[in-house]
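Provided herewith is a single structure, encoded as structure tokens, for subsequent inquiry.
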Amino acid sequence: MIYERLHVTFVGVVATLVDSVVVAEFAGYWLHRLLHSDKFPSLSRGHLIHHFLIYGPRQPMRAGEYRDATANRFSVGNVGIEWLAPSAIILLSCWGVMALLGVPPVYQALALCTLLCWPILMFSYLHDRMHTENFWMTRVPLLRAWFLKARRLHDIHHRSVDSEGFMDTNFGIGFYFFDRFFRTMAKRHRPFNWQGYQAAIGRYALEETELLSLRGCSQALFHKEPGSKTASRMT
Ligand SMILES: [Zn+2]
Ligand SMILES: [Zn+2]
Ligand SMILES: [Zn+2]
């Protein structure tokens, strides 16, 4: 095993970081894809509240503040159980694999930290900022180009529904190399599939009444800051 030869070295640390990020992106890609399949309907339903009721086809992609899809159900911050439970399983499995491979504890700790922090940064922080206006990264030269490109691909994800009602493209958030690899990448918007939308709404019982109850239980969520823009701006 390569790790047995490495004590804590620069190369070892960089290799651990890079590997962990790739594993985290891979897991994030497949978890997101799983949520858009029908394998675990109750998990999918949670994610589709975000897609169809909060940033749905009739609503703007961005508002002054992030609209949380976890009101009234179990969550940590604004991360729903549909992400938390599978992530915990993935994290524990990675730990198990590293222990079996005899990875030194220092690298195990580093890997687990990265496997925890990277998804929080990418799939929670960055994703939520894709649905708000005036994110600071849009003012920083190089970050701006990367972020706006990723955000456009995520907008396409929100609007690409097949006729059975499944979202089928752009499952990455910040990075789309696994979308390229597994051929789920779409660089252009396509006309919104209302038939698919109706199928999904029916399958998961995502009625407008659900939106109204979400709105009722947390008014703060939907209140608008004075002067904040809520105008739709599809990029
Ligand atoms: Zn999604
Ligand atoms: Zn999403
Ligand atoms: Zn989104």
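Looking only at the stretch 176-235, how many residues end up being open to solvent by 100 Å² or more (accessible area, probe 1.4 Å), among the charged types (D, E, K, R) and modelled with pLDDT of 50 or more?
Qualifying residue count, the stretch 176-235: 6.
Among the residues of the stretch 124-163, count how many are open to solvent by less than 40 Å² (accessible area, probe 1.4 Å), in contact (Cβ under 8 Å) with a residue 60 or more places away in the chain and within 16 Å of ligand 2 (Cβ to nearest atom).
Total satisfying the criteria: 7.
If you don't mind, there's one more thing I want to ask. Can you find even one residue in the stretch 47-67 that is assigned to a helix (DSSP H, G or I) and either polar (S, T, N, Q) or more than 15 Å from ligand 2 (Cβ to nearest atom) (or both)?
Checked against the condition, which is being assigned to a helix (DSSP H, G or I) and either polar (S, T, N, Q) or more than 15 Å from ligand 2 (Cβ to nearest atom) (or both), the stretch 47-67 yields no hits at all.
Which of the helices (runs of 4 or more DSSP H) found entirely inside the stretch 129-206 contain at least 2 residues meeting this: over 27 Å from Val23 (Cβ atoms)?
141-159, 194-203
The values are calculated or read from the model by the stated rules, or taken from the named source; none is laboratory data. Just so we're clear, the structure is a prediction, and the values are computed from it rather than from any experiment. Counting neighbours? That spans all protein chains shown, and the Cβs are built from the backbone with ideal geometry, glycine included. These accessible areas exclude ligands, DNA and RNA; they are computed on the full protein's heavy atoms, side chains included. Shrake-Rupley method; radii C 1.70, N 1.55, O 1.52, S 1.80 Å.
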